[in-house]
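Since the structure comes first, as C-alpha cells, the remarks are kept for the end.
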Amino acid sequence: MAKKKLTKARKIKIIATAIFLPIIFGSLIAAAILFKDPILESIDLKSIEPIQTAFKDLGLLGPVVTALLLVVTMLSFVVPVSFIQAVSFIVFGNLVGFLTCLAAIINGNTILYLGINKLNKTLDATYTEEEKAINQKLNQLNDSKRVTFSIFLLYFVPGISVGLVASLAIGAKFKYPKYIFLSTLGNIINLIYVMLFGLTITKDQLLLALILAIVYLVIFAILFIFRKKIINSILRPKRDNEFYRNNFRRMKVLYYMLLIPVVKIFFALRYKFKVKKLNFKKLKAPFVVMFNHPSPLDVAYSYAELGFKNRPASLVASYYYTDKKLAKFFYGLGGISKHLYAPDLGAIKKSLKAVRNGWPIGMAPEGRLSAYGCLETITDATPKLLKKLNIPIVFVNIKGAYLTKPKWAHNFRRGRVDVTYELMYENFDLNQLSDQELLDVIIQKLDYDDFAWQEENKVYYKGKKFANGLENILYHCPVCNSEFTLEAKDHEITCTKCKVKVHLDNYYQFTSDNPLIPKNIRDWYLLQKDLASKKVKDPNFKMESNTVFKLPDPKGNGFSSVGEGKVVLDHSGLKYQGTKDGKPFEKFFELHSYPVILFGAGVDIEFYSDNTIYFFELENLKECAKYSIYWEALYNDYLGGKNNGWKTIARKRNDWKTVSPNQ
C-alpha cells in the first residue's frame, strides 16, 4: 500500500508542533528550575507569597515572557492555555495576570489571523478528522449570525483549543475587527473562572481552590466526554423545512412509545382494531414494511406490532414537508422525504443508508390515499427499489380502514379495521425475480377492496356528517349525466339538476328510488372511470379550468400563491398558462412522464417536478377528482395496451365495472 503523501500544510503543522511543544514544556521546566527555591519555600510556608515575590523581582520581563509563552501555547493548537493562564494570575496577581493574558490573546489571535489568511486553502489539510467535521458543519450554516454565535460558543467546549476556534473564525472569512473582538471576548469570559481559581490560591484558601479545581475537572471531564454532542448541538443547522426534507433519522423513541398505547388501546376500542400478526421478536432488521394505503392512519396500523427495537424509517410524500410543523413531526417519525411519481435519487440513497444502519424501512407503494377503497396502481419503480434494498419484506394488508376514514371525509367513523402481517423473502435474493414477478407479488399481497370486504363482514360504521365531502370525488350524476351538480349532507346526496336523492347508510350502501344509482362509492367512482376511458378516445379531447398557482412557501407555511391562470389537459399532457410572481409563465407536464395526477379531494391537483411541488387550486374544486380520473384514462390510452413501465391492476371481479344503462 502506497504511503500517503504529506501535504505542505500538514508538514507545517508537524514542524510547528515539533517546535512549539519543546518550547512550552522546556519553558515550564526552566521556570521550575529557576524558581526552585521560592517554590520549595512556598511549600514549607504553605503560602504563595515567596513565588509571587520572585516573579515581581523580574520586573516587566516576567509578564512579557509569560505572554510569549501563552502565545506559543495558542499557536500550538494542542495544549490548553488555561493552566498557564492560572499560573499567570497566581504569580502576578489579578490585574497584571489579566493584562498579561489579554495581551497574549490579542497578539496570538492577530498572528493566527495573518498566518492562516496567508495559508488560506491549505488550512483544511491541517485539521484532524474531528476538526474537519467541525469545519464542515460550520460551513453548512448559511446564517452569518448563527455562524458568529456558534464560533463564540465553541470557545467554551473542552478539548478544543482556542487556537483552533480562532482558525475556524478566520476560515469563516471574518474581517479583522469582528474576528479580534469575538476571539478576545470568548477568551476573556473563559478567564473569569481561571481568575477565581487564582484568587483562591493567592488568598491561601487552598481548600476552596481544591474544590474549584475538582469541580472544574469534573465538569471538564463530563463536557469532554459529551463534546461531540455539544459540538453537534452548537453547529446544528437551522431546522427549517429544507433541513427536514434533506435529512432523516430513525423514528424517535418517544413517538413509538406514544404510538403503542394509542393504537392498541384507543384504536382497539374505537375502531375495533384486529391484528393477525407475526412474531417480530424473532425477525431481525433490516426489513421492508410494505402496506396498502386506504386511510391516513395506515402507518400507525402497520407499525403498531413491530416492537421497540424495530422502529423504522419511512418514505413520506414531500407534500408534508412544505409545512414546518408537519415536517418536524415526520422527521421525528423517521420520515424520508420522497417525490411521488418522480425520480428521487436522494430518497433512494437515504433508504439504502437506513438499511446499512440496520433499520426497517416502511413504505406504501400506492403513494396516495385511495379515492374509492381499492388498491391504486403501482409503478414498476417499486420492485426496482426493493431489489436495490434486497432485504426481507413484511406485507401489511389493511382492510376496513377506508371506511373508517375515507380520503374525501372530514371526520373519522367508528367501525372495524383488520390488519394482516405476512413475511416473505427471508434469506432470499430478490434479484432472482424479474421486476414483473416481484410487482405481481406486491399487488397480490396488498390488494384490497373495502367494499367487497364490507359486503362479507357487514360492519356498522358510526359517524357524523356521513356523506359530507363525497361531492368532491363523485362529480357525475348517473341519472341526468350532469357534472358537479351533486351536493352531500349528512347521509344524503342530491343532484341539484334532476333532484334525484341518494341515501348513504351506515354500511356504506347507496339506496335510491332511481335504479341508475350505483350500489356503493366504489361502483360510482369506477363508473366515472369508464366514462372517462370512452371520452378520451376522441383525439380532440380537452379540459381546461381556471386556477390559482401555488408553490411551497419559503417560510414553511404550506403553499403560497405565486400566480393565476388556467390549466389545459389534452392527449399531450397538462399545461399551465398564466403568471408567476407577476410575470407571464408556462409549465408543461408531459403525459408520458407522469402516470397519475395526484389530487386532494376538494383541495388541489399537484405535480412533483423540478425538485418542488406544483400546486393548482382549481376555481371549481370539485373538478380535482375529474382531472385525476381523466389523466389516468389518457395515460392508459397513451400506453395503448403496452406495459411501458406501468402496471395497471387487472380487476377480475365482475361487479367492479358498473355502467349506467343509458350509456
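In this rough spin-label picture, where each label sits 7 Å from Cα along the Cβ direction, the Glu437-Lys349 distance is 3.2 nm. Other residues within the sphere of radius under 11 Å centred on the Cβ of Lys284, judged by their own Cβ, net out at +2 (K and R +1, D and E -1).
Using a cutoff of 8 angstrom between alpha carbon atoms and counting only pairs six or more residues apart, the relative contact order for the range 427-511 works out to 21 percent.
Average 1/r across all pairs of distinct alpha carbons in the range 479-563, invert it, and you get the Kirkwood radius: 16.1 Å. Protection proxy ranking for 607-619, 363-375, using the average of other Cβ atoms within 10 Å per residue and placing the highest first: 363-375, 607-619. Computed from the Cβ-Cβ distance with R0 of 41 Å, the FRET efficiency linking Lys228 to Glu590 stands at 0.30.
Which chymotrypsin sites (Phe, Trp or Tyr not before Pro) in the range 457-496 pass both tests, a DSSP loop state and at most 12 other beta-carbon atoms within 10 Å?
Those that pass, being in a loop and sparsely packed, are Tyr460.
Charged neighbours of Thr494, selected by a Cβ distance under 9 Å, balance to +1 (K, R count +1; D, E count -1). For the range 304-379 and the range 535-600, what is the separation of their C-alpha centers, rounded to whole Å? Centre-to-centre distance over Cα atoms comes out at 26 Å.
If packing is taken as the average count of other Cβ atoms within 10 Å, what order do 285-294, 567-576, 421-430 fall into, highest mean first?
285-294, 567-576, 421-430
Calculate, for Glu426 and Asn540, the FRET efficiency according to 1/(1 + (r/R0)^6) with r their C-beta to C-beta distance and R0 56 Å; round to the nearest 0.05. Efficiency computed from Cβ-Cβ geometry: 0.55. Taking 13 Å as the cut-off, the amide N atoms of the range 526-561 that come nearer than this to a point 7 Å along the Cα-to-beta-carbon line of Val603 belong to 558-559.
May I ask you to give the solvent-accessible area per residue for the range 379-425, in square angstrom, as obtained with a 1.4 angstrom probe? Working shown, then result.
Working: 1440 Å² over 47 residues.
Solvent-accessible surface per residue comes out at 31 Å².
Along the range 475-492 the Karplus relation, 6.51 cos²θ - 1.76 cosθ + 1.60 evaluated at θ = phi - 60°, assigns HN-Hα couplings of 10, 9, 7, x, 8, 9, 6, 7, 10, 6, 10, 8, 10, 10, 8, 6, 9, 10 Hz to successive residues, with x for each Gly and Pro. Packing around the peptides 486-498, 241-253, taken as the average count of other Cβ atoms within 10 Å per residue, puts them in this order, highest first: 241-253, 486-498. Potential lengthening of the chain between Asn411 and Ser482 amounts to 22.8 nm, from the contour at 0.36 nm per residue minus the alpha-carbon distance. Placing pseudo-labels 7 Å out from each Cα toward the beta carbon at Asp513 and Glu455 gives an inter-label distance of 2.7 nm.
Full extension from Ile33 to Lys462: what is 0.36 nm times the residue separation minus their Cα-Cα distance, to one decimal in nm? Before the final figure, lay out each step's value.
Numbers: separation 429, 0.36 × 429 = 154.44 nm, distance 9.11 nm.
Separation in residues times 0.36 nm, less the Cα-Cα distance, equals 145.3 nm.
The values are calculated or read from the model by the stated rules, or taken from the named source; none is laboratory data. Everything numeric in this text was worked out from a predicted model, so none of it was measured. Please note: Cβ atoms are built from the backbone with ideal geometry, for glycine as well, and neighbour counts cover all protein chains shown. To get the accessible areas, we keep the full protein, side chains included, count just its heavy atoms, and leave off ligands, DNA and RNA. Shrake-Rupley method; radii C 1.70, N 1.55, O 1.52, S 1.80 Å.
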